[in-house]
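Undergrad: Please find one structure pasted underneath; my questions will follow.
The values are calculated or read from the model by the stated rules, or taken from the named source; none is laboratory data. Values in this document were obtained by computation on a predicted structure and should not be read as measured data. So basically every Cβ, Gly included, is an ideal-geometry build from the backbone, and we count neighbours across all protein chains shown. These accessible areas exclude ligands, DNA and RNA; they are computed on the full protein's heavy atoms, side chains included. Shrake-Rupley method; radii C 1.70, N 1.55, O 1.52, S 1.80 Å.
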Amino acid sequence: MQAINELYPLLNTPAKVVITTHQKPDPDAMGSSLGLYHLLIQLGHEVQVISPTNWAAFLNWMPGCEKVLNYETTIDKSNAILNAADFIFCLDFNALNRTKRMAEVLGNAKGQRILIDHHREPQTEVFAYGVSNVTKSSTCEMVYDFIVESGHKDKLSNEMMQCLYAGVMGDTGSFRFASASATVFEMVAEFKRRGLEHTVIHENVYDNFLENRFRFIGHVLLNRMEVNYEINTAFIWVSKQDLLRYQVKTGDTEGLVNYPLGIQGIKLAALLIDRDEKRKWSFRSKGDFDCNTFARRHFNGGGHFNAAGGESDDSLEANINLFKTVIQNYKSELETF
Ligand code: 5GP
Ligand code: MN
């Protein structure tokens with residue numbers, strides 16, 4: 001993988017560009033894709049954003065979201081666009097398998113793949129150009145750096161700022177995590193000087209759920225949360241029946257894993273959801289517990305130090321049992337703060 005600045009001169013010639021991100025895009029994934037989309041359109045490129053799957057309704061307000069293709073419902077059209085692309089930007093993911101059914105076509109496409117990402121241990125060999133920086137708060141912050149460093153700060157529009165702000169807000173837990181560095185606040189200060197209205201973005205993302213989502217959260221916190229103070233771990237599991245009963249949609253479970261982390265003394269929070277064809281894991285930690293390594297080792301996943309995910313083909317019960325067994329091996333790490 002060559003450094004991203006080697007790519008800048010190539011962007012002066014109009015090209016066919018695809019921007020893609022990880023499955024079930026979150027605000028950082030969708031925000032970085034659309035932020036970059038608005039820049040590349042201004043530079044005269046032919047650009048298509050393709051999401052590997054559907055996404056949460058709370059992202060639909062983002063300028064340009066209405067033009068994004070859902071790969072799973074437009075496979076032939078998306079494959080044709082992917083195969084014709086000169087450049088394929090891969091944003092907010094580190095391995096092609098994070099694009100689910102799209103991974104094969106993405107891996108075989110003749111266009112050059114470009115990585116912009118902040119997850120640990122990226123698959124650098126499959127990218128022609130790129131930047132991977134695990135110290136960055138978000139891919140949105142990295143797209144902002146890309147805009148500035150490639151000499152296009154003058155093109156920063158309100159649309160771009162809205163998309164990028166949403167992703168930084170999402171990945172920093174509304175600017176509370178340690179990853180919210182001075183450069184994050186400098187970016188936000190710049191956006192504010194340029195007239196960004198930030199309050200409405202928080203409302204669009206966090207105050208826009210249907211009632212059923214809160215009934216669902218009430219149910220799982222009351223009936224599905226197990227707290228083990230001996231190892232400072234809280235665990236929530238969600239069955240298919242729970243999802244059905246509360247009509248849980250994509251995005252409704254976003255942030256759920258953070259509730260148990262708010263319990264005094266809890267160092268590790270885990271959430272297991274019996275999704276369509278897979279069991280999906282989310283892990284969040286405080287302090288020195290490494291979620292990325294834990295998820296990689298036991299649950300076919302990865303991510304960041306304090307936030308990671310994983311997946312499994314095994315049953316809900318098998319996953320619960322596996323978690324309860326392996327977590328005992330981390331007792332000494334989890335006991336101390
Ligand atoms: P979340 O728990 O919000 O789904 O994901 C937390 C972090 O872990 C995100 O940065 C996400 O990209 C990453 N992540 C989630 N699921 C997986 C997975 O199955 N595999 C890998 N490698 N990373 C994941
Ligand atoms: Mn991210």
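Undergrad: Considering every residue within region 199-207, establish whether at least one is assigned to a loop (DSSP other than H, G, I, E, B) and either within 16 Å of ligand 2 (Cβ to nearest atom) or touching a helix residue (DSSP H, G or I) at 6+ places or on another chain (Cβ under 8 Å) (or both).
TA: Looking through region 199-207, none of the residues is assigned to a loop (DSSP other than H, G, I, E, B) and either within 16 Å of ligand 2 (Cβ to nearest atom) or touching a helix residue (DSSP H, G or I) at 6+ places or on another chain (Cβ under 8 Å) (or both).
Undergrad: For region 18-32: of the residues being over 10 Å from V143 (Cα atoms) and in a helix (DSSP H, G or I), which is farthest from ligand 1 (Cβ to nearest atom)?
TA: Residue satisfying both the conditions and the ranking: M30.
Undergrad: Which one of these does S332 not meet: (1) in contact (Cβ under 8 Å) with a residue 24 or more places away in the chain; (2) more than 15 Å from ligand 1 (Cβ to nearest atom); (3) part of a helix (DSSP H, G or I)?
TA: Status for S332: all satisfied but (1).
Undergrad: Is it true that L91 is within 16 Å of ligand 1 (Cβ to nearest atom) and not charged (D, E, K, R)?
TA: In short, yes.
Undergrad: Would you mind listing the strands (runs of 3 or more DSSP E) fully within region 33-132 where at least 2 residues are touching a strand residue (DSSP E or B) at 6+ places or on another chain (Cβ under 7 Å) and in contact (Cβ under 8 Å) with a residue 60 or more places away in the chain?
TA: 87-91, 112-117, 129-132
Undergrad: Are any of the residues in region 173-191 in a loop (DSSP other than H, G, I, E, B), within 14 Å of ligand 2 (Cβ to nearest atom), touching a residue at least 60 places away in the same chain (Cβ under 8 Å) and not polar (S, T, N, Q)?
TA: Scanning region 173-191, I find at least one residue that is in a loop (DSSP other than H, G, I, E, B), within 14 Å of ligand 2 (Cβ to nearest atom), touching a residue at least 60 places away in the same chain (Cβ under 8 Å) and not polar (S, T, N, Q), so the answer is yes.
Undergrad: Of the residues in region 100-133, how many are open to solvent by 40 Å² or more (accessible area, probe 1.4 Å), within 27 Å of F294 (Cβ to Cβ) and either away from ligand 1 (no atom under 16 Å from the Cβ) or of a type outside the set (K, R) (or both)?
TA: Summing the residues that are open to solvent by 40 Å² or more (accessible area, probe 1.4 Å), within 27 Å of F294 (Cβ to Cβ) and either away from ligand 1 (no atom under 16 Å from the Cβ) or of a type outside the set (K, R) (or both) in region 100-133 gives 7.
Undergrad: If I ask for residues that are open to solvent by 10 Å² or more (accessible area, probe 1.4 Å) and touching a strand residue (DSSP E or B) at 6+ places or on another chain (Cβ under 9 Å), which ones from region 22-32 would you list?
TA: H22, Q23, K24
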